[in-house]
Amino acid sequence: MIKTKSVLLLFLLALLPVTIYSQNVNTVSPYTQYGYGQLADPSFGSQRGMGGIGYGLRNSEKINPLNPASYSAVDSMTFMLDFAVKGQTAWLKDGSTSNTKNTAGIEYIAMQFPLSQKLGMGVGLSPVSHVGYEYRLNQYVPELDTYAASTYKGKGGFNKAYATVSYNFLDRLSVGVNLGYMFGNIYKTGYTMPVTSGHQISWNDTINTSTLTYELGLQYTFPLENKDVVTIGAVFSPKIKMSNKTKKGILRTQSGSIISDSIVSVGKTSYQMPETYSIGFTYNKPRKFTLGADFQYQRWGDADYYDITNSQLTLTDRMKINVGAEYIPNYTAGNVFKKMRYRAGAYYSNSYVEVDNKYGYKDMGLTLGFGIPMVDKRSFINLAFEYNIISPDKRPNANMIDEKYFRFTLSYTFNELWFFKRKLQ
């Protein structure tokens with residue numbers, strides 16, 4: 001037993017730097033050039049098959065990072081470890097051309113364990129946003145006073161390491177707090193190749209940021225007949241100002257010779273994460289089914305953001321709706337297909353960025369998932385499949401991009417009785 005624990009903990013520590021690096025390859029969307037990039041799905045593998053719900057989800061078999069109050073649901077003798085990998089195929093189309101790309105990477109790592117019978121704790125590392133794109137345009141470049149073939153690239157994003165503590169009052173009301181450290185870099189590069197001139201301009205913009213974050217959560221459970229329960233949850237995240245270093249580098253060349261080279265530290269810039277309100281509920285028939293829905297409202301319009309390259313970019317308030325369900329045919333059956341968890345869900349949100357103060361996009365998807373119990377009947381392999389569409393709200397020209405994704409998340413939830421004393425036979 002001790003050897004197994006040591007191996008798992010060493011494996012967890014070994015994966016931490018890999019997780020930080022791999023978040024750079026989890027997107028290929030040109031929309032990630034705006035703002036902080038594509039916002040990561042904060043839910044874990046078992047929830048993603050259920051449309052990503054979690055604010056009202058309270059289950060001792062799952063680590064639920066969406067609501068800090070859920071951590072007190074952990075069994076008083078249980079240790080849980082959850083980690084996941086994600087892969088996707090993307091189809092991008094701009095009206096005249098199309099492209100297909102594949103990406104994959106490690107998604108998150110988390111642990112949860114009890115501190116006492118009513119006090120639970122968890123720690124983890126997960127992505128906050130992803131930036132990853134590359135595209136080419138033939139456009140007018142004012143600095144060169146000519147048309148040029150321009151190439152744009154971006155990579156990076158933000159991650160968060162966090163610790164969560166939750167306490168359960170009177171078996172109905174639970175409260176929790178999540179304290180995190182968010183950090184990361186966003187790199188935006190590009191260069192022009194003039195059509196009628198030997199001049200070339202290349203640039204390299206960098207945002208390096210870090211900040212402490214916190215969020216507060218609560219859950220209240222209403223008991224019904226036949227042991228059914230309804231749980232309502234809510235989470236509040238305040239507006240957070242981030243420490244940052246912003247640099248803009250410009251290099252001008254002519255026929256291979258450097259004309260000018262400058263790196264400018266952009267001062268007096270402000271970056272903030274928005275004030276966020278989240279609420280959700282689940283109806284749970286123990287060991288049979290769970291139904292739930294979430295609503296989130298983020299006040300991005302009140303958050304400060306300085307964009308180095310897109311002066312026409314503005315942030316706008318974002319709303320997201322998630323619905324989902326889980327069904328267990330027979331919890332105690334010997335047949336694995338009867339005791340599997342079958343999951344389905346859907347979600348919809350608007351973008352948090354607008355270009356030219358009016359052009360945003362909508363993000364919607366359908367999900368399907370399976371929870372496969374292991375031999376120990378406590379641990380699970382979770383599979384989640386997602387069909388996602390990202391499409392512009394308005395089309396000022398035929399080159400607006402439509403994106404379609406097929407994603408899968410494979411996670412393993414290790415669940416073992418660690419905190420008890422075995423009796424000698």
In the stretch 278-316, which residues are of a type in the set (D, E, K, R), farther than 30 Å from SER60 by Cα and modelled with pLDDT under 95?
ASP302, ASP304, ASP307
Let me confirm something: among GLY345, GLY371, GLY365, which residue is over 20 Å from the mean Cα position of the chain (by Cα), assigned to a strand (DSSP E or B) and modelled with pLDDT of 95 or more?
GLY371
Would you check if there is a residue in the stretch 198-211 being at pLDDT below 90, not β-branched (Val, Ile, Thr) and not in a strand (DSSP E or B)?
yes
Identify the residue in the stretch 374-398 that is part of a strand (DSSP E or B) and of a type in the set (S, T, N, Q) and, among all such residues, is modelled with the lowest pLDDT.
SER391
Inspect the stretch 181-196 for any residue being more than 27 Å from the chain's Cα centre (by Cα), open to solvent by less than 80 Å² (accessible area, probe 1.4 Å), in contact (Cβ under 8 Å) with a residue 24 or more places away in the chain and farther than 20 Å from LEU66 by Cβ and give the result as yes or no.
yes
Scan the stretch 341-367 for residues that are surrounded by 18 or more Cβ atoms within 10 Å (Cβ to Cβ) and within 17 Å of GLN88 (Cβ to Cβ) and jot them down.
TYR347, ASP363, GLY365, THR367
Regarding THR231, is this residue modelled with pLDDT under 85, touching a Phe, Trp or Tyr at 6+ places or on another chain (Cβ under 9 Å) and open to solvent by less than 50 Å² (accessible area, probe 1.4 Å)?
no
Which condition from (1) at pLDDT below 90; (2) closer than 23 Å to ASP376 by Cβ is the one that ILE109 breaks?
(1)
Does the stretch 353-362 include one or more residues that are of a type in the set (S, T, N, Q) and at pLDDT 95 or above?
no
Could you give me the residue pairs with C-beta distances under 6 Å whose first residue belongs to the stretch 332-347 and is under 30 Å from ILE389 (Cα atoms), whose second residue is open to solvent by 70 Å² or more (accessible area, probe 1.4 Å) wherever it lies, and which are 6+ apart or on separate chains?
TYR342/TYR327; ALA344/LEU368; ALA346/LEU366
Within the set of pairs 6+ apart or on separate chains, which have a first residue in the stretch 54-80 that is among the charged types (D, E, K, R), a second that is assigned to a loop (DSSP other than H, G, I, E, B) and open to solvent by 10 Å² or more (accessible area, probe 1.4 Å), and C-beta atoms under 7 Å apart?
ASP75/SER60
Can you find, within the stretch 80-102, the residue that is farthest from TYR220 (Cα to Cα) among those that are out of contact with any helix residue (DSSP H, G or I) (no Cβ under 7 Å at 6 or more places or on another chain), open to solvent by 10 Å² or more (accessible area, probe 1.4 Å) and of a type outside the set (S, T, N, Q)?
GLY95
Give the residue, chosen from VAL74, VAL25, that is modelled with pLDDT under 90, among the β-branched types (Val, Ile, Thr), in contact with a Ser or Thr (Cβ under 7 Å, 6 or more places away or on another chain) and buried (at least 22 other Cβ atoms within 10 Å of the Cβ).
VAL74
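The values are calculated or read from the model by the stated rules, or taken from the named source; none is laboratory data. Since the structure is predicted, the reported quantities are computational estimates derived from the model, not experimental observations. Because the Cβ atoms are built from the backbone with ideal geometry, glycine has one as well, and the counts that use them run over all protein chains shown. Just so you know, the surface numbers come from the protein's heavy atoms only, side chains and all, with ligands and any DNA or RNA stripped out. Shrake-Rupley method; radii C 1.70, N 1.55, O 1.52, S 1.80 Å.
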